[in-house]
Amino acid sequence: MKLTIQELYDKLYDNLGPQGWWPAENPFEIIIGAILVQNTNWRNVEHSLNNLREKTQFDPDKILALDMETLQTCIQPSGFYKNKSKAVHSIFHWLKEHDYDFKAIDAMYVERLRNELLALPGIGPETADVLLVYVFEKVVFIPDTYTRRLFKLLGHAGSDSYKGLQEAVELPADFTPEHAQEFHGLLDEFGKLYLSPKGVKGETFLDAYFVGRD
């Protein structure tokens, strides 16, 4: 039996509880965290965020005022710190051009917003979608690595690629931005608890729905 997206959401929520993602003090911290978490784990990101919090309190003008060497030093625990520093610098310059007004940015670009984000250095599809969901409060499905592993186990088409799964999955029509945020947090929490590149770790509450499992 195949789960609908709503049924999957409900089972994850009932078993794991509310996740409250993305953990941050303001949208600027979310933006930085979304860039820093690329190719690393959240524990490393927290070290970098703590460094930046001390230096800037996540004030966007203070972040832009940091020289590149200081920014790189703050970001270093997250790895790839040179590229990630360029990405942070670039997106904050872009935001400043729009007076850090997220609603105005959304109104200006509308359907082109994702492409505008993707045009910025260091912003790939997953990071762009995280920003759409958590900063611009859009209803978007984020098929990150953990999610693709789970959806492959559940027998969903397109689960071998980010774009493929995103095109294959349609979120419920009544999903709100809060639902989209919670769904992403729940999928990642399930992945952290039960999924690895080698397969499923132990028994899970979704075992009955995994393809090829009784």
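Kindly indicate which of Ile32, Ile63 is within 13 Å of Phe92 (Cα to Cα), assigned by the TED database to the domain that holds Ala87, within 17 Å of the chain's Cα centre (by Cα) and aliphatic (A, V, I, L, M). It would help to see each step written out before you state the result.
Details: Ile63 fails: within 17 Å of the chain's Cα centre (by Cα).
Unique residue meeting the criteria: Ile32.
Provide a single number: the residues in segment 14-39 that are more than 30 Å from Leu64 (Cβ to Cβ) and out of contact with any helix residue (DSSP H, G or I) (no Cβ under 6 Å at 6 or more places or on another chain).
4
Among the residues in segment 64-87, are any within 17 Å of Ala128 (Cα to Cα) and in contact (Cβ under 8 Å) with a residue 40 or more places away in the chain?
yes
Counting residues that are of a type in the set (A, V, I, L, M, F, W, C) and closer than 30 Å to Ser159 by Cβ, which helices (runs of 4 or more DSSP H) fully inside segment 28-146 reach at least 3? First the steps, then the outcome.
Details: elements: 42-56, 60-65, 68-75, 81-97, 102-109, 113-118, 125-134.
Per the criteria, 113-118, 125-134.
Search segment 128-150 for residues that are over 19 Å from Val110 (Cβ atoms) and without any contact (Cβ under 8 Å) to a residue 24 or more places away in the chain and pair each with any residue that is among the hydroxyl-bearing types (Ser, Thr, Tyr) and outside any helix (DSSP H, G or I) when their beta-carbon atoms are under 8 Å apart and the residues are at least 6 apart or on different chains.
Taking only residues 6 or more apart or on different chains, the pairs are Arg148/Ser159; Arg148/Ser161.
Mind listing whichever residues of segment 37-52 are free of Cβ contacts under 8 Å to residues at least 24 places away in the same chain and either open to solvent by 20 Å² or more (accessible area, probe 1.4 Å) or under 22 Å from Pro125 (Cβ atoms) (or both)?
Within segment 37-52, Asn41, Trp42, Arg43, Glu46, Asn50 meet the criteria.
Within segment 1-23, can you find the residues that are open to solvent by less than 60 Å² (accessible area, probe 1.4 Å), at negative phi and free of Cβ contacts under 8 Å to residues at least 40 places away in the same chain?
The answer is Pro23, and nothing else.
Before we move on, is Arg148 farther than 22 Å from Leu8 by Cβ, surrounded by 13 or more Cβ atoms within 10 Å (Cβ to Cβ) and among the basic types (Lys, Arg)?
On the way: farther than 22 Å from Leu8 by Cβ: no; surrounded by 13 or more Cβ atoms within 10 Å (Cβ to Cβ): yes; among the basic types (Lys, Arg): yes.
Considered against the rule, which asks whether it is farther than 22 Å from Leu8 by Cβ, surrounded by 13 or more Cβ atoms within 10 Å (Cβ to Cβ) and among the basic types (Lys, Arg), Arg148 comes out as no.
Name the one entry in Lys96, Lys62, Lys103, Lys82 that is within 12 Å of Gly122 (Cβ to Cβ) and open to solvent by 70 Å² or more (accessible area, probe 1.4 Å). Don't jump to the end; show me each part of the working.
Numbers: Lys96 fails: within 12 Å of Gly122 (Cβ to Cβ); Lys62 fails: within 12 Å of Gly122 (Cβ to Cβ); Lys103 fails: within 12 Å of Gly122 (Cβ to Cβ).
Just one listed residue meets the conditions, Lys82.
Could you check Val130 against (1) open to solvent by 30 Å² or more (accessible area, probe 1.4 Å); (2) under 20 Å from Leu186 (Cα atoms); (3) under 16 Å from the mean Cα position of the chain (by Cα) and say which number it fails?
Failing condition for Val130: (1).
The values are calculated or read from the model by the stated rules, or taken from the named source; none is laboratory data. Worth saying up front: this structure is predicted, and the values here are computed from it rather than measured. Please note: Cβ atoms are built from the backbone with ideal geometry, for glycine as well, and neighbour counts cover all protein chains shown. Please note that ligands, DNA and RNA were not included when accessible areas were found on the heavy atoms of the full protein model with its side chains. Shrake-Rupley method; radii C 1.70, N 1.55, O 1.52, S 1.80 Å.
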